[in-house]
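Below: the structure, in structure tokens.
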Amino acid sequence: MIVRGEIVTLAKSDSGSTSGRTDVTGTTLDDYTGRYAQRIQGMTASEIRALFAVASRPEVVSFAGGAPYTAGLPIDAVGEMLNELMARRGVSALQYGIGQGEEQLREQICSVMALEGIDASCGASPDDVVVTTGGQQALDLIARVFLDPGDVVFAEGPTYVGALGVFQAAQAEVVHVAMDDQGLIPEALEEAITTVARSGRQAKFLYTVPTFQNPAGVTLSEQRRERVLEICQRAGLLVVEDNPYGLFRYEGEPLRALRARVREGVIYVGTFSKTFSPGVRVGWVLAPHAVREKLVLVNEAQILCPSPFSQAVVSAYLSTMPWQEHLKGFRELYRERRDTMLESLASLMPAGTRWTRPEGGLFIWVTLPPGLHSKAMLPRAINARVAYVPGTGFYADGSGTDTMRLSYCLPPPERIREGVRRLASVMEQEMSVRAVFGAPAERGDTVGRPSVDTPAPGVA
């Protein structure tokens, strides 16, 4: 039924923050338009989500997925583990739990973090771990504890699309900090801190994925890690370190996390979604004791408690399965696929294309030749049976039109080669059309705060 309803737009104030106001009355298909909270107004479904439904077809080579290769797990052994778990702990696993998460799992999480240098020597304790429903909910809890409307969050440009959605829902403003092949640029961070302070706004924290970054695949260098921490400590700026990929370093030992270098000033977010299974939805936050108390309160208000069943599954996996050997196998598999993609890009991509060379993780960031628009090109790529994620989804301000993220974790090497061949062909056709007809007209930007493209969970 078509009804009359209020159309709410987002207006920017002189300070750069946004506020909701009712500007006009118009026709809407939504009976509840005038009832929604202001924070909902900027939240939109991805324009490319429908295309990814097509991309999941078997004939399409998809470089879009951010999901791990769970087919590499010993599924039969995991099934036996689950049967044993239900036989021994089924009743308690199916019951309510506590808001902070089960103590046994929190102790095991500390053992996992120790692989990246986060241990008792830097103040890490099970008492300060909060178990969450995946790393995504961990970010949401942090936002609920720290962010008021109009607050500023610093984040790498580009950054994780799921974090952008969380910060947008909190009505915060994301200010991107430039990166290069060595990760976040310290001088750019200093400049951003100075600029925001001069505007009279408050920056609450720096959100960073310093190791095998999503989406760019780059890693913050050792020297810059110390420098970024020094800058943030001097400015009194909290750091939120998101580290889903740190154990997927292809050569050498895992890098020391930022949290391993300081006792205060860093909130650490981890997840088992990449190292075990995204289906169990288990992540965690390691936070200073006072912050931990607030996170638990918000967690209880939001979900009562993280799933005891999922926690029991992860705990059983860590205690009964050779999970570090499984990680070794995944690292070898992902390294082979990364190498295949890098070799294919080098041999097939048209002149003017650039890309990152990750030392681990799951992603390569591609910069297109001048004049190509990754989002406009996506329908034609899907038609050629290859998929990727356009770069605009990883920026809060609509930047990244000439970039794309490629994930190499799911397709086998022969499919990677074929997919890159198809993608290169699409790009060459786009360049030929542009050479003949000139640049196509692009759609104007949406007025107000840019919306964030939020791909489906398997894409993030």
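What follows is calculated from the coordinates using simple rules that are stated; it is not laboratory data. Everything numeric in this text was worked out from a predicted model, so none of it was measured. Cβ sites come from the backbone with ideal geometry, for glycine too, and all protein chains shown count toward neighbours.
Can you work out the FRET efficiency for the pair Asp397 and Ser92, with r the C-beta to C-beta distance and R0 = 45 Å, to the nearest 0.05?
0.40
For the range 99-234, calculate the relative contact order in percent as a whole number, restricting contacts to Cα pairs under 8 Å that are 6 or more residues apart.
Numbers: 163 pairs, mean separation 28.2, N = 136.
About 21 percent, as a whole number.
Quick check: pseudo-label points 7 Å beyond the Cα along Cα→Cβ at Glu325 and Ala114, how many nm apart are they?
Computed distance between label sites Glu325 and Ala114 equals 2.1 nm.
Let me know the shape class of the range 290-358, please: from the alpha-carbon gyration tensor, a ≥ b ≥ c as square roots of the eigenvalues, rounded when a/c is under 1.5, otherwise prolate if a/b is greater than b/c, or oblate.
On the way: a/c = 4.28, a/b = 1.89, b/c = 2.26.
Since a/c reaches 1.5 but b/c is at least a/b, the shape of the range 290-358 is classed as oblate.
Select from the range 215-278 those GluC sites (Glu not before Pro) which occupy a DSSP coil region and have at most 11 other Cβ atoms within 10 Å, ordered by residue number.
Hits after loop and neighbour filter: Glu251, Glu264.
List the trypsin sites (Lys or Arg not before Pro) within the range 389-425 that fall in a DSSP loop (any state other than H, G, I, E or B) and whose Cβ has at most 11 other Cβ atoms within 10 Å. Could the numbers behind the result be given before it?
Numbers: sites: Arg405, Arg415, Arg417, Arg421, Arg422; in loops: none.
When the trypsin sites (Lys or Arg not before Pro) of the range 389-425 are filtered for loop state and at most 11 Cβ neighbours within 10 Å, nothing remains.
Find how many whole Å separate the alpha carbon centroid of the range 210-263 from the alpha carbon centroid of the range 293-315.
For the range 293-315 versus the range 210-263, the Cα centre distance is 26 Å.
To the nearest Å, what is the center-to-center distance of the range 376-403 and the range 104-155, using C-alpha atoms only?
About 31 Å separates the Cα centre of the range 376-403 from the one of the range 104-155.
For a bin width of 5 Å, list the pair-distance distribution of the range 190-290 built from all Cα-Cα distances, rounded to whole %.
Here the calculated profile for the range 190-290 is 2, 11, 20, 22, 19, 13, 7, 3, 1.
For the chain, the longest stretch holding no chymotrypsin sites (Phe, Trp or Tyr not before Pro) located in a DSSP loop with at most 13 other Cβ atoms within 10 Å is which? Provide the component values of the computation, followed by the final result.
Numbers: sites that count: Tyr32, Tyr96.
No qualifying site falls inside 97-460, the longest such stretch.
Give a quick list of trypsin sites (Lys or Arg not before Pro) in the range 294-337 that DSSP marks as loop, anything other than H, G, I, E or B, with at most 11 other Cβ atoms within 10 Å.
none
At 222 nm, what value in deg cm²/dmol follows for the chain if DSSP H runs of at least 4 each add -39500 (n - 2.57) and the sum is divided by all its residues, to the nearest 500?
-12500 deg cm²/dmol
Pop out the ³J(HN,Hα) list for the range 345-361 in order, Karplus 6.51 cos²θ - 1.76 cosθ + 1.60 with θ = phi - 60°, rounded to Hz; leave Gly and Pro as x.
Working through the residues one at a time gives 4, 5, 8, 10, 5, x, 4, x, 8, 10, 7, 7, 10, x, 8, x, x Hz.
Can you give the direction-averaged projected area of the convex hull of the alpha-carbon atoms in the range 52-169, in nm²?
Details: hull surface 47.5 nm².
Its average projected convex-hull area is 11.9 nm².
Give me the extension gain from Asp31 to Arg256: residue separation times 0.36 nm, minus the current Cα-Cα distance, reported in nm with one decimal. Walk me through the numbers on the way to the answer.
Numbers: separation 225, 0.36 × 225 = 81.00 nm, distance 5.19 nm.
Extra length from Asp31 to Arg256 when fully extended: 75.8 nm.
Shape call for the range 89-320 from the C-alpha gyration tensor, a ≥ b ≥ c root eigenvalues: rounded (a/c under 1.5), prolate (a/b greater than b/c) or oblate?
Verdict is prolate for the range 89-320.
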